[in-house]
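Engineer: I'd like to ask you about the structure that follows.
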Amino acid sequence: MAPKSTSLIWQYYIKENNNFVKCKACSKKLLTKNSNTKGLWVHLKSIHPMDNIELEKLANEQKIEKSKENESLRNKLNNNDSQPTLKQLFVKKEKYESSHPKQIKFDCRLFD
C-alpha cells in the first residue's frame, strides 16, 4: 500500500508500516520517516542503478509534460479576453483634434 505521495519512487517499494518500506527488487527494509523518499532514491541509485536510470527518465518525462501543461495554461490565460491592465487602459486609443468636443471636455476635466 503506497502512501498518498505521487512520487514515482513508490512503484519500487512496498510500504510495510509508517516507518518502513521493503524494496521490491531486493527485499531490503528501509526506514522512511514521514514517507520521506530521499533514502529510497539513494538506495535505488546505489543498489539498483539500471532501475534508477529508468526511473529518472520517467521522472524527467513527467516534469516535461507538466511543464508543457503549465505553459499551455499560461497561454490560455494570457490569450483570454480578460480584464485589461491599467497600462492598457491608459493608452490613448482614439486621437482627437484639439477642437473636438470630446477633447475639450477631457481637457477641462483634466485641469479642474
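Engineer: Could you check segment 53-99 and list, in sequence order, the residues that are farther than 28 Å from Thr6 by Cβ and modelled with pLDDT of 85 or more?
Structural biologist: Once the filter is applied, which keeps residues that are farther than 28 Å from Thr6 by Cβ and modelled with pLDDT of 85 or more, segment 53-99 yields only Ser99.
Engineer: Quick one: would you say Lys45 is surrounded by 12 or more Cβ atoms within 10 Å (Cβ to Cβ) and among the basic types (Lys, Arg)?
Structural biologist: So Lys45 fits the description; yes.
Engineer: Identify the single condition in (1) surrounded by 10 or more Cβ atoms within 10 Å (Cβ to Cβ); (2) modelled with pLDDT of 85 or more; (3) not polar (S, T, N, Q) that Lys38 does not satisfy, given that it satisfies every other one.
Structural biologist: (1)
Engineer: Going through segment 15-55 one residue at a time, which ones are at negative phi and of a type in the set (Gly, Ala, Ser)? Before the answer, list the steps.
Structural biologist: Going through segment 15-55, the residues at negative phi turn out to be 15-26, 28-33, 36-55.
Scanning segment 15-55 gives Ala25, Gly39, Ser46.
The values are calculated or read from the model by the stated rules, or taken from the named source; none is laboratory data. Because the structure is predicted, anything quoted here is derived from the model rather than measured. Positions of Cβ are generated from backbone atoms using ideal geometry, with glycine treated the same way; all protein chains shown enter the neighbour counts.
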